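One structure is given below, encoded as structure tokens.
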Amino acid sequence: MDPAAEHRQQLRSLRDFLLVYNRMTELCFRHCVCNLNYRLLTGREESCLDSCAARLVRANHRLMGAYVGLVPALLQRRAAEHGAPAGPAALPAAPGPAESSPAAGT
């Protein structure tokens, strides 16, 4: 892969990560924080945020694991349809984690 394409891929991965992180933060904050009168979180808010984030991370891991498990079958089907070799260039674009993981945790 040429350096420019690799750089674009790294930027795309960083963007996907930041979108997931921002969405997860927003969802958990809206769900758990109910009192904005204090600078610090209450114990209840903090434990809610911890469990909310852990739940969404586990959901994201499950979804990505399922996706990784499906990639070989997708590559073989695409290769059979198009008569092309099933190599890394034939990889379908990964769904953005921001689109999948936070929704699964709610």
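Computed from the coordinates by the stated procedures, all read-outs in this text should not be read as laboratory data. Every value quoted in this text rests on a predicted model; they were computed, and no experiment measured them. Note that each Cβ is placed from the backbone with ideal geometry, even for glycine, and that neighbours are counted across all protein chains shown.
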Legend entry - Note, ³J(HN,Hα) from phi for the range 73-81, Karplus 6.51, -1.76, 1.60, rounded to Hz, x at Gly and Pro: 5, 5, 5, 5, 5, 5, 5, 5, 5
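Where does the charge balance sit around Gln9 when Lys and Arg score +1, Asp and Glu -1, over other residues with C-beta under 11 Å from its C-beta? Intermediate results must be reported in sequence, preceding the final value.
On the way: positive: Arg8, Arg12, Arg15; negative: Asp2, Glu6, Asp16.
So the environment of Gln9 carries a net charge of 0.
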Legend entry - Separation in nanometres of the label points that stand 7 Å from Cα toward Cβ, at Val57 and Val33: 1.9
Inset, instruction - Enumerate the calculated ³J(HN,Hα) couplings along the range 49-57 in order (Karplus 6.51 cos²θ - 1.76 cosθ + 1.60, θ = phi - 60°), each rounded to whole Hz, writing x wherever the residue is Gly or Pro. - result: 4, 4, 6, 4, 5, 4, 4, 5, 5
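Can you compute the FRET efficiency between Leu40 and Leu74 using 1/(1 + (r/R0)^6), with r the Cβ-Cβ distance and R0 = 41 Å? Round to the nearest 0.05.
That gives a FRET efficiency of 0.30.
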